[in-house]
Structures are given as structure tokens and as C-alpha cells.
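Okay, structure first, notes after.
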Amino acid sequence: MHRVLAAFTLALTVFSVGAAQAKTVAVTAGRLLDVASGKYVEQPVVVIVDGRITAVGPQGSVTIPAGAERVDLPGQTLLPGLIDMHVHLDSNPKYGGYTGLRFTDSFWAVAGVPNAAATLNAGFTSVRNVGADRYNDVALKEAIDEGLIPGPRITPAGYALGATGGHCDSTYFPPSVALVSPGVFDGPEEARKLVRRMKKYGAKVIKICATGGVFSNDAVGIQQLTVEEIKAIVDEAHLDGMMVAAHAHGPEGIRAAILGGVDTIEHASLVDEEGIKLAIKHGAWFGMDIYNTDYTQAEGRANGVRESEIRKDHDIGEAQRQNFCKAVKAGVKQVFATDAGIYPHGWNARQFAVMVRYCATPLQAIQSATINAAAALDQPNDVGQVKVGAWGDLIAVQGDPLADVTVLERVTFVKKGGDV
């Protein structure tokens, strides 16, 4: 007993010493992009204490504390850590269609470990994981937060919620394989109960399937939830301070999701003019994954993706990109959302160039992955900007991302909080 008390006392002493001797890091670079204004701060210094930014400004205007660890990045451009609002860290595009069925259930949580590391190393220090079987995203978040594995800050959804036989249900199998997704509901009251269950088991955001999709046995655009069901989900989620993301490809489902109070519309592939106007009126964010079709069309068949899914992806790919352009020009708020897991993790930044090709400016594309995403996460003071009080999440690139957004595909430095 005395040995236990002594060990406990020692642990408290070590913790107290660690707290008193806060880790201080000073990062300097050639310039820093202020993502809010689109202007550069030349020769910046960013001071980070215990993972949070305590000072930022041009060198000479900021006092670097004595004994601070120095990170010097001469000639490089600093930006805040990037945010991807639509990933599936426990998915691997190498296993499409039925090919993933040869693995045991727990394989997918383990497979998420290198995916999380690849995402972080690509400069994405925060992600929103919108749908994972067996709460794999919650497990990954917990392991990352405990420091057991490297990875981004994760806002997990647990299971994506949807109607019986819909995109979020298990529709690949015959009746003899009686699989029903744990996220299935029918009616507003069942929907409310599932929101509570997701929260109970660690979800920090709710994902719903308002329409059919590409990778399921249904038509992409068909509406699958009523406005009443969506409102019940949104009301219940908002009571707990959770945002709601709606997978919605077709115009009817997009309109229903917006009228139901959903915070972010995922995909929005076939949005019409009325949907665009409603999004602006209600302040909904669009997260349009306009890169991944390139990968699916090039590699999908080799990875086992079913021919029906290849066709659906082909049919909506260009329409989605054109509608992204329409939404940007109309002023719909955009967040960076790639559906990583449909393509290899770590390739997230390849979407920036596609966004710029389809009407977004480089700054708009960057803002979608920084200040916009932070606002849609309801974390504007923690992530998405290099400012006092925010997490010390920084990336560096060689070159000018406002002149050539593809430099974001070649990140040279990543700092998440206190760790490089």
C-alpha cells in the first residue's frame, strides 16, 4: 500500500513539474498567409505554448520567450492546418464492391491507423469523419487523443443514419443475408433515438443519408427521408450542440435537408436553382467532393467497384462540378469535403486544383479548408486560423498557394499543436 501511495505521489509530482515547465515553440518562416484577409505577413513568428498559439506577428514585433524551441522555415509559406470535412478513415479504396468481405470486422479499425497518419502528413490537422461502421472513427479519435498513434483531430459521427433500404443501409446482400445497418430508422421517433445512441457512443456530429448514392443499390438522386424525419434528427442533435451533415445528391433531397435545418449538405451533386437559393437563405454549407470521380473512373474497376457504381459515378461527375461552379458564383458557403476513402488517404489536397478549375479562386478554395470549415465545425476559435488562442496547427509549403494552389499537394512541414 505504501508503495502504491509513493508511486501515486511521484506521478502527481511529475505531472506538476510538466505543467509548470510548459513546452514553448517559436516557428519562423518566409511568410504567413492570413486566410481571413488573403494577405501575407512577411517574416512571421508564431509562438506556441502547450500546443496553443500565444503570439503571432512579424519578426521584431513578437518577443520569443527565452529557452523556446526554434523551428526555422526560411523562404517557406505558413498556413493554418487544413481541414477536410468529409472523410472515411476506416475505408480503403483498394477494396471496392465485395472485395472487403474477406476481412474480419476489426480489420477496418486497424486499417484506419495508417490512413490517419497519411492524412495528417498531408497537412490536414483536423477532419470530420462522417460515417464509420462499429464506431471505428471514435476508436481512432480516442487513440490519437491518447497519443498512441499519429493522426488529425477527428470529429466522429459513428454510424451514418438512414432509412431502411436506403443508402446508409446494407443493400448489397440477398434476403438470406439479413444484414441491417445499426444506423437504420423509420420515422421521427426512431430517428431521435438513434441520435441519442450515436451521442452515447462518442459521436460529435450526426451524418444522415437524405438521398440515394453512388456506392449503393439505389438511384443517386432519389429522396429517402422526409422533412419531418430530418427535423427530428436536427432538433435532437442541436439540443446536444452537434451539427448535422446530410448526404444528398438529388434536388428534392437537398431541399428537404435544408428545410429540415441541416448544417452541411454533402455532395450536392444535382442541386438545382431552388436548392442554391435555399442554401443561401438558410445559411447551409455545401461540401462538394469534386475530385474523387477522377480516381474512381481510373481505378475503380481494378479495385472491385461494381459496374453499376462506376456508371453512376460517371453520370454525375461532371454535373456535380458544373453545379459546384454555379453554387460558388451564387455565393453558397463552401467547405472542403473530399470523401477520402473513395480515393487514397493523403491525396486530399488534390481537390484544391479541381475547385479552382471550376470557378473558385485559390483563396476561396483555401478558405473552404480553413476558416469556413472551422465555422461549420463550430470551432472557429480553435482551428482554421493562425491566431492567438487557437491550436498551434501549422503547415508549410514552398511557393505561393494563391498563385499556384497545387503547392498544397506538396506540404513540407506539419505541426499539430505541440508536435511536429
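The values are calculated or read from the model by the stated rules, or taken from the named source; none is laboratory data. Remember, predicted model here, so these are calculated numbers, not experimental data. Please note: Cβ atoms are built from the backbone with ideal geometry, for glycine as well, and neighbour counts cover all protein chains shown. Accessible surface areas use protein heavy atoms only, side chains included; no ligands, DNA or RNA. Shrake-Rupley method; radii C 1.70, N 1.55, O 1.52, S 1.80 Å.
In the assembled protein chains, His167 presents an accessible area of approximately 40 Å² (probe radius 1.4 Å).
Sum up the charges of everything whose Cβ sits under 12 Å from the Cβ of Thr338, counting Lys and Arg as +1 and Asp and Glu as -1, but leave Thr338 out. Mind showing how you got there, number by number?
Numbers: positive: Arg128, Arg350; negative: Asp84, Glu266, Asp289, Asp294, Asp339.
In short, -3.
Most tightly packed first, judged by the mean number of other beta-carbon atoms within 10 Å of their residues, the peptides 310-322, 337-349, 147-159 read 337-349, 147-159, 310-322. Annotation: amide H of Asp169 has no partner in the under-5 Å range at sequence separation 5 or more or interchain, hydrogens built in the peptide plane.
Note that segment 302-348, at 25 °C in a medium of 0.890 mPa s, gets a Stokes-Einstein diffusion coefficient of 192 µm²/s from its Kirkwood radius over C-alpha pairs.
Give me the percent of the accessible area of segment 114-232 that comes from carbon and sulfur atoms, probe 1.4 Å, all protein chains in place.
Numbers: 2660 of 4820 Å².
Carbon with sulfur: 55 percent of the solvent-accessible area.
If you bin all the Cα-Cα distances of segment 231-377 at 5 Å, starting from zero, the percentages per bin are 2, 10, 19, 22, 20, 14, 9, 3, 0. Here's the picture: a label point sits 7 Å out from the Cα of Gln398 along the beta-carbon direction, and within segment 24-40 the residues with their amide nitrogen under 16 Å of it are 30-31. Size descriptor for segment 211-314, Kirkwood hydrodynamic radius: 14.4 Å (Cα pairs only, one decimal).
Annotation: Cα Rg of segment 300-420 relative to the compact-globule expectation 2.2 N^0.38 Å equals 1.20. Counting only alpha carbon atoms, the long axis of helix 273-282 and the longest principal axis of the chain meet at about 40°.
Helix 107-121 and the longest principal axis of the C-alpha atoms of the chain enclose an angle of approximately 50°. So what's the angle, to the nearest 10 degrees on a 0 to 90 scale, between helix 227-239 and the longest Cα principal axis of the chain? Value to nearest ten degrees: 20. Taking only the Cα atoms of segment 250-307, the radius of gyration and Dmax are 14.3, 43 Å. Simple spin-label estimate for Ala375 and Lys387 gives 1.1 nm between the two label positions (7 Å along the Cα-to-Cβ direction from each Cα). The calculated FRET efficiency for the pair Tyr172 and Ala66, based on their C-beta separation and a Förster distance of 51 Å, comes to about 0.25. Across all Cα atoms of segment 27-179, the radius of gyration (one decimal) and Dmax (whole number) stand at 20.9, 71 Å.
For the cross-link pairs Lys207/Lys312; Lys199/Lys333; Lys39/Lys326, the C-alpha atoms of every pair lie within 29 Å. Summarise the accessible area of segment 270-404 (1.4 Å probe, protein heavy atoms) by the percent that is carbon and sulfur. Taking all protein chains in place, segment 270-404 shows 50 percent carbon and sulfur surface. Annotation: amide H of Met85 within the under-5 Å range of Arg128, Phe336, Ala337, Thr338, sequence separation 5 or more or interchain, hydrogens built in the peptide plane. In a fully extended conformation the segment linking Gln43 and Asp235 would gain 64.4 nm over its present Cα-Cα distance, using 0.36 nm per residue.
Beyond 28 Å, what percent of the Cα pairs of the chain remain? Summing the P(r) tail past 28 Å for the chain gives 48 percent. Shown is the FRET efficiency for Asp419 and Arg357, computed with R0 = 35 Å from the Cβ-Cβ distance and rounded to the nearest 0.05: 0.55.
Diffusion coefficient of segment 78-160 by Stokes-Einstein, Kirkwood radius over Cα pairs, 10 °C, 1.306 mPa s: 124 µm²/s. Each peptide in 106-117, 286-297 receives the mean, over its residues, of other Cβ atoms within 10 Å, and ordering these scores from highest gives 286-297, 106-117.
Calculate how large, on average over all directions, the projected area of the Cα convex hull of segment 136-213 is; give the answer in nm² to one decimal. Mind showing how you got there, number by number?
Working: hull surface 25.1 nm².
Projected area, direction-averaged: 6.3 nm².
Peptides 190-199, 391-400, 355-364 ranked from most to least packed by the mean count of surrounding Cβ atoms within 10 Å: 391-400, 190-199, 355-364. Note that segment 359-375 has calculated 3J(HN,Hα) couplings of 5, 6, 7, x, 5, 4, 5, 5, 4, 4, 9, 9, 5, 5, 4, 4, 5 Hz, one per residue in order, obtained from phi through the Karplus relation 6.51 cos²θ - 1.76 cosθ + 1.60 (θ = phi - 60°); glycine and proline are x.
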